[in-house]
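Engineer: Here it is: the structure, laid out below.
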Amino acid sequence: SSSSASDVYKRQGSHFAGLMNTIRANKSLWFVTSEVRTPIDVVSLSRALLELVDTDSNGVLHVAGTETVDRGVIGRAFLAKLGLPADRAEYLTTQGERTNRPENISLNVSRASRVLKTALPDFRTAIDRAFDHAQPDQTKL
């Protein structure tokens, strides 16, 4: 079955949907600042993957955002996009009980940047696109 970009935001398993559900339920919200990622929005990722379909590229190709940021930065930016204060969340420096999660799953996108015509986004562009392409009901508090 095919999915639109907005369908990804609605899925319960998506990070975007999970954060929105937590905020709407007024539940405790926290971000581990020792966990770093290279976030990409679904629109940029989809464009890159569709481009790859028509290439003869093979091997490992990491398609992600171009900036490594910690989850605290991601959380603060997400809250700011919603007009919420940064102190709506707690920022933890250690994983606590989540020790089974790798702290650094950032990806090196240098090869993808050379192979793809699609520009991989920096963090600010990725979060802006995520909100720009979300349906209004997906970002309503």
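The values are calculated or read from the model by the stated rules, or taken from the named source; none is laboratory data. What you see is a predicted model; the values in this text were computed from it and never measured. Here the Cβ positions follow ideal geometry from the backbone for every residue, glycine too, while neighbour counts run over all protein chains shown. Side chains included, ligands, DNA and RNA excluded: accessible areas come from the protein's heavy atoms. Shrake-Rupley method; radii C 1.70, N 1.55, O 1.52, S 1.80 Å.
Engineer: Under a plain spin-label model, where a point goes 7 Å from the Cα along Cα-to-Cβ, how far apart in nm are Arg111 and Ala17?
Structural biologist: The answer from the label model is 3.2 nm.
Engineer: Based solely on its DSSP helices, what 222 nm [θ] is calculated for the chain when runs of n ≥ 4 H residues each add -39,500 (n - 2.57) and the sum is averaged over all residues, nearest 500 deg cm²/dmol?
Structural biologist: That calculation yields -11000 deg cm²/dmol at 222 nm.
Engineer: Along the charge dipole of segment 82-133, which of Phe131, Ala112, Leu84 sits closest to the positive end, that is, farthest toward it, with unit charges on the beta carbon of Lys, Arg, Asp and Glu (+1, +1, -1, -1)?
Structural biologist: So the residue furthest toward the plus end is Ala112.
Engineer: Report Arg124's accessible area, 1.4 Å probe, all protein chains in place, as a number in Å² to the nearest 10.
Structural biologist: 120
Engineer: Ranked from the most accessible area to the least, with a 1.4 Å probe and all protein chains present, what is the order of Glu90, Glu51, Glu35, Glu67? Could the numbers behind the result be given before it?
Structural biologist: Numbers: Glu90 105, Glu51 40, Glu35 0, Glu67 75 Å².
If we order Glu90, Glu51, Glu35, Glu67 from most to least accessible, we get Glu90, Glu67, Glu51, Glu35.
Engineer: On a 1.4 Å probe surface of the protein chains, which of Ser110, Ser34 comes out largest in accessible area, and what is the full order?
Structural biologist: From most exposed to least exposed: Ser110, Ser34.
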